[in-house]
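Below is one structure; the comments refer to it alone.
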Amino acid sequence: MQLMLVAWDLSDSDATPESLRPYLRDYAADAFSTLDGMRLKAWFSDAERQMWGAVYLWDGPEYVDGCFRVSRSIELIGYPPTSVYMFDLEAATEGRSVHEALSGLGLALET
């Protein structure tokens with residue numbers, strides 16, 4: 001499995017973490033959930049530092065190009081990610097959580 005970290009410094013963009021939330025709520029969360037080979041995508045933000053990005057967990061490197069077919073982030077932000085890193089997954093575990101599932105959680109999806 002491959003872990004991919006993608007991050008934007010939004011300092012040079014008109015986009016903000018707040019302005020990108022409708023994209024997540026209205027499009028991206030559903031669009032990415034249809035990708036083959038993607039086990040997990042978790043978006044993150046830091047409004048104070050104007051940072052935005054995502055962590056992906058892929059079944060293998062051959063699936064990574066799927067994200068480019070559905071993502072509209074570059075279009076909305078105005079430039080490619082500031083940082084992209086690929087790592088081999090060394091280990092994974094899931095702990096006990098008050099949340100039954102990850103899908104549907106996060107600031108962009110709160111009602």
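Would you check if Leu40 is of a type outside the set (Gly, Ala, Ser), open to solvent by less than 80 Å² (accessible area, probe 1.4 Å), at pLDDT below 95 and not in a helix (DSSP H, G or I)?
It is true that Leu40 is of a type outside the set (Gly, Ala, Ser), open to solvent by less than 80 Å² (accessible area, probe 1.4 Å), at pLDDT below 95 and not in a helix (DSSP H, G or I).
Is it true that Ser45 is open to solvent by less than 100 Å² (accessible area, probe 1.4 Å), at pLDDT 90 or above and in a helix (DSSP H, G or I)?
Details: open to solvent by less than 100 Å² (accessible area, probe 1.4 Å): yes; at pLDDT 90 or above: yes; in a helix (DSSP H, G or I): no.
In short, no.
Within segment 79-111, count every residue that is modelled with pLDDT under 90 and under 14 Å from the mean Cα position of the chain (by Cα).
Narrowing segment 79-111 to residues modelled with pLDDT under 90: 92-111.
Applying the additional criterion that residues be under 14 Å from the mean Cα position of the chain (by Cα) yields 102-109.
The number of residues fulfilling the criteria is 8.
Go through (1) free of Cβ contacts under 8 Å to residues at least 40 places away in the same chain; (2) out of contact with any strand residue (DSSP E or B) (no Cβ under 9 Å at 6 or more places or on another chain); (3) closer than 16 Å to Cys67 by Cα for Phe32 and report which single condition fails.
Failing condition for Phe32: (2).
For the structure I just gave you, tell me whether Ser71 is under 10 Å from the mean Cα position of the chain (by Cα) and among the polar types (S, T, N, Q).
yes
Taking Ala29 and the conditions (1) modelled with pLDDT of 95 or more; (2) buried (at least 16 other Cβ atoms within 10 Å of the Cβ); (3) of a type in the set (A, V, I, L, M, F, W, C), which numbered condition does it fall short on, given that it satisfies the others?
(1)
Do any residues in segment 63-78 that are of a type in the set (A, V, I, L, M, F, W, C) and modelled with pLDDT of 90 or more have Cβ atoms under 6 Å from those of residues that are open to solvent by 60 Å² or more (accessible area, probe 1.4 Å) and not in a helix (DSSP H, G or I), where the two are at least six apart or on different chains, and which pairs are they?
The qualifying pairs are Ile74/Pro80.
Across segment 1-26, which residue is most open to solvent (accessible area, probe 1.4 Å) among those that are among the small types (Gly, Ala, Ser) and within 20 Å of Ser83 (Cα to Cα)?
Checked segment 1-26; the qualifying residue most open to solvent (accessible area, probe 1.4 Å) is Ser11.
Please determine whether any residue of segment 69-84 is assigned to a strand (DSSP E or B) and either basic (Lys, Arg) or farther than 16 Å from Thr34 by Cβ (or both).
Taking every residue of segment 69-84 in turn, at least one turns out to be assigned to a strand (DSSP E or B) and either basic (Lys, Arg) or farther than 16 Å from Thr34 by Cβ (or both).
The values are calculated or read from the model by the stated rules, or taken from the named source; none is laboratory data. It should be emphasised that the depicted structure is a prediction, and the values quoted were computed from it without experimental measurement. No Cβ is skipped: glycine too gets one built from the backbone with ideal geometry, and neighbour counts run over all protein chains shown. Note: accessible area is taken over every heavy atom of the protein model, side chains too, but ligands, DNA and RNA are not part of it. Shrake-Rupley method; radii C 1.70, N 1.55, O 1.52, S 1.80 Å.
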